Amino acid sequence: MSPLVSIIIPVYRAAETLPACLAQLKAQTYRPLQLVFIDDCSPDDGLAYLERERSGLEASGIEVTILHHEVNRGVAVARNTGLNAVQGEYIYSVDADDLLQPTAIGTLVQVAEESQADIVGCEYLLQEGTSQRPITQPDVKTGKEAFAQICYGRMKWNLWLFLLRRSLIEQLPTLRFLPGENMGEDLMLMGKLLQRAGRVAIVHQPFYTYVRSDSQITNTYRPEHWQQVQANVQELERYLAQQASMESLELIHYLKLNLKLPLLLSHNTQDYERWSSMYPESNEYIMKNQHLPLRTKLLQWMASRGQFWFVRLYDKVVMQWLYKALYR
């Protein structure tokens, strides 16, 4: 008998995108499936829509679990709620405004079973408006190797890129995500899981479509968002120290540099000030990352010396002119 796969879907202000998301979940060629929806006290009619669609999903052989928060508690708590309800041998995550190819779960499970991998990842499509761009992942074989690639900036850590063995997650404490720390929560969990994982496999197919809305494109992190990222990184560091993983603690410096890099892809003086105040102890690692292009290391190196005229020039020439010409 095929192993049960539980898919966790946090839902908040997603009434408009749920129909497309549910259609692709229902179209999955793999069974058995458990869909775990967590309505985080959304003000729209997403919860009512899920209840209306429940019977149709169940008729297609899918087990449906719908959970509801009486107050909005944030995505970190929603993910904890979902993890407490899963029953499958494998766990996957989907955001309610994104899309998943019909053969995704079946292929990931097949690779997991054949390779005995604890974690199986895939690639994805970044969709902005009508344009799509493939985002690839490096080929890795172990959890430690995958963690290193994440720190070097060569691998993405989003939960929706990975099929996870439930037994791996159960090795962590009951509270897997930090309540209220809703930015960088997937990085923190994946960092911990990769430390414990044995074999990791990557399927080089873009099974997932990450739909970046207009509001996400123009949205900028507020100070509290950066504080949440830092809280999750601090928790990951605490865990690595507890595990006496000195090599991974060293790699964290490269991760910190990559996390704060977007603050330099800006023309906002406040972003530059935040870059300078975040993780200054990691700046000595700027030129040591052999996996970043020289222009990126030069950008960071100049910023570390307060030469923000160069940062502004980089933003104007590279980000506002060259990239727009390449990806328009």
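The values are calculated or read from the model by the stated rules, or taken from the named source; none is laboratory data. As the structure is a prediction and not an experimental result, all values here were calculated from the model. No Cβ is skipped: glycine too gets one built from the backbone with ideal geometry, and neighbour counts run over all protein chains shown.
Listed here are the residues, each with its yes/no results for (1) surrounded by fewer than 14 Cβ atoms within 10 Å (Cβ to Cβ); (2) part of a loop (DSSP other than H, G, I, E, B); (3) not assigned by TED's automatic domain parsing to the domain that holds LEU163.
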| site | (1), (2), (3) |
| --- | --- |
| ILE9 | no, no, no |
| LEU22 | no, no, no |
| ILE38 | no, no, no |
| SER42 | no, yes, no |
| TYR49 | no, no, no |
| ARG52 | yes, no, no |
| GLY56 | yes, no, no |
| ILE66 | no, no, no |
| VAL71 | yes, yes, no |
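Here is a yes/no grid of residues against (1) part of a helix (DSSP H, G or I); (2) modelled with pLDDT under 95; (3) surrounded by fewer than 18 Cβ atoms within 10 Å (Cβ to Cβ):
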| site | (1), (2), (3) |
| --- | --- |
| ARG176 | no, yes, no |
| MET183 | no, no, no |
| MET190 | yes, no, no |
| PRO206 | no, no, no |
| TYR210 | no, no, no |
| ASN232 | yes, no, no |
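Here's the yes/no breakdown for (1) modelled with pLDDT of 80 or more; (2) in a helix (DSSP H, G or I):
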{"site": "LEU292", "(1), (2)": "yes, no"}
{"site": "LYS297", "(1), (2)": "yes, yes"}
{"site": "MET302", "(1), (2)": "yes, yes"}
{"site": "TRP309", "(1), (2)": "yes, yes"}
{"site": "TYR314", "(1), (2)": "yes, yes"}
{"site": "TRP321", "(1), (2)": "no, yes"}
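Just for region 212-221: of the residues that are in a loop (DSSP other than H, G, I, E, B) and modelled with pLDDT of 70 or more, which one is farthest from VAL94 (Cα to Cα)?
For region 212-221, the residue satisfying everything is TYR221.
If the requirement is being at positive phi and surrounded by 17 or more Cβ atoms within 10 Å (Cβ to Cβ), which of these qualifies: TYR279, TYR285, TYR272?
TYR279
Please pick out the residue among SER131, SER93 that is closer than 14 Å to PHE207 by Cα, touching a residue at least 60 places away in the same chain (Cβ under 8 Å) and not aliphatic (A, V, I, L, M).
SER93
Within the group ALA76, ALA117, ALA112, ALA148, which residue is crowded, with 18+ Cβ neighbours inside 10 Å and either closer than 24 Å to ASP39 by Cα or not assigned by TED's automatic domain parsing to the domain that holds TYR12 (or both)?
On inspection, the qualifying residue turns out to be ALA76.
Counting only residues that are under 15 Å from the mean Cα position of the chain (by Cα) and surrounded by fewer than 17 Cβ atoms within 10 Å (Cβ to Cβ), how many does region 159-174 have?
Selection size over region 159-174: 0.
So, of the residues in region 122-145 that are assigned to a strand (DSSP E or B) and of a type in the set (Asp, Glu), which turns out to be surrounded by the fewest Cβ atoms within 10 Å (Cβ to Cβ)?
Out of the qualifying residues, it is GLU128.
Pull up region 121-140, narrow it to residues that are among the small types (Gly, Ala, Ser) and at negative phi, then point me to the one that is modelled with the lowest pLDDT.
SER131
Regarding region 113-120, can at least one residue be identified that is modelled with pLDDT of 95 or more, in contact with a Gly (Cβ under 7 Å, 6 or more places away or on another chain) and outside any strand (DSSP E or B)?
yes
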